[in-house]
Structures are given as C-alpha cells and as structure tokens.
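Written out below as structure tokens is the structure these notes cover.
The values are calculated or read from the model by the stated rules, or taken from the named source; none is laboratory data. Keep in mind that this is a model prediction, so the values were computed, not measured. Note that we place each Cβ from the backbone using ideal geometry, even for glycine, and neighbour counts take in every protein chain shown.
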Amino acid sequence: MKQKLNCILLIDDDAATNFLNNTIIEETACAVQVKTKQTARAALNYLTDTSRLTSPGNVSPFPDLIFLDINMPAMDGWEFLGKYKELKDELPYTPIIIMLSTSINPDDKLKASGIPEVSGFCNKPITPEIICSIVEQYFPDHLD
C-alpha cells in the first residue's frame, strides 16, 4: 500500500465482533487508526464532533471508511443512515459506508443497494480479503 487509510470506524453493538474486525483490519495494515463505537448514537456523535478537527495532533480523525452493522438495539443501522443523511452535508467529507450483517435475508442487501450513502454490503465477519477488496475498489490510490 502506498498510503494507509487515515481511519476506519466500526459501528457494531457486539464487542466480540468489534474485537475480531479490529484485529483483522490491523493485520491488513490498511489503516492508521481503527475506531469502534458500540451504538449508532455514539457513532453519530463521533462523526459530528467538530472539536476533534481543531485538536492538536488530531487524535480522533474523521473516518475514510465505515463498517456499519444493521441489527443493533436502540438505533439500528437503517436508522443510523436516516440520521446520517440529515447531517452528511455538514461533515468534512463523505466516508465510504459498508453495511455488515449476519443476516442471510436477501432483502437487507437489496435495501442497502437502494441507499445512495451505502457503497457496499458484506456478511460478517469481515476477512482480510474483504478489506483488501474494499480498499482496492474504493481507495485505489492507496495501493502499490
């Protein structure tokens, strides 16, 4: 890779899934940082926190790539996307959003494909091959 992604944001309520996905992302060495949020609300707060843009050293960078779980309590991935649409014009730039699910329901993938903010859909768990494929497809300038 020429340059690593600045940040990947994992949004999933399951701590074990976050740990596994974080480990896989770290093994691929495709990102400088991986941030994890266990609720959609916490992820929205992270995205809209403008104080990190002015903080020295930018310890909480804006994500280049978001992996978003569909099924979460309180606010699911679909609801997150509804709120995200309302605020996306206020964000510094538009990250790539990949929906993640353990669901085998083809309607989930079909629904995701009809949402312009969603770039892709993958089944959990992510693999090094999935990560490399996403980077190759959406961030070609980060490849050798």
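Regarding segment 115-124, can at least one residue be identified that is among the charged types (D, E, K, R), modelled with pLDDT under 95 and assigned to a loop (DSSP other than H, G, I, E, B)?
Narrowing segment 115-124 to residues among the charged types (D, E, K, R): 117, 124.
Applying the additional criterion that residues be modelled with pLDDT under 95 yields 124.
Adding the requirement that they be assigned to a loop (DSSP other than H, G, I, E, B) leaves 124.
Within segment 115-124, one or more residues are among the charged types (D, E, K, R), modelled with pLDDT under 95 and assigned to a loop (DSSP other than H, G, I, E, B).
Residue-by-condition table, conditions (1) of a type in the set (Lys, Arg); (2) touching a helix residue (DSSP H, G or I) at 6+ places or on another chain (Cβ under 8 Å):
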position: 34; (1), (2): no, yes
position: 68; (1), (2): no, yes
position: 85; (1), (2): yes, no
position: 113; (1), (2): no, no
position: 124; (1), (2): yes, yes
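Considering 126, 70, 115, which residue is within 18 Å of residue 7 (Cα to Cα) and either under 16 Å from the mean Cα position of the chain (by Cα) or surrounded by 16 or more Cβ atoms within 10 Å (Cβ to Cβ) (or both)? If you could, list the steps in order and put the result at the bottom.
Values: 70 fails: within 18 Å of residue 7 (Cα to Cα); 115 fails: within 18 Å of residue 7 (Cα to Cα).
Just one listed residue meets the conditions, 126.
So, in segment 77-112, of the ones that are among the hydroxyl-bearing types (Ser, Thr, Tyr) and surrounded by fewer than 18 Cβ atoms within 10 Å (Cβ to Cβ), which residue ends up modelled with the lowest pLDDT?
Per the criteria, the residue is 103.
Out of the residues in segment 1-33 that are within 16 Å of residue 130 (Cα to Cα) and of a type in the set (Val, Ile, Thr), which is surrounded by the fewest Cβ atoms within 10 Å (Cβ to Cβ)?
Step by step, filter segment 1-33, then rank; the result is 23.
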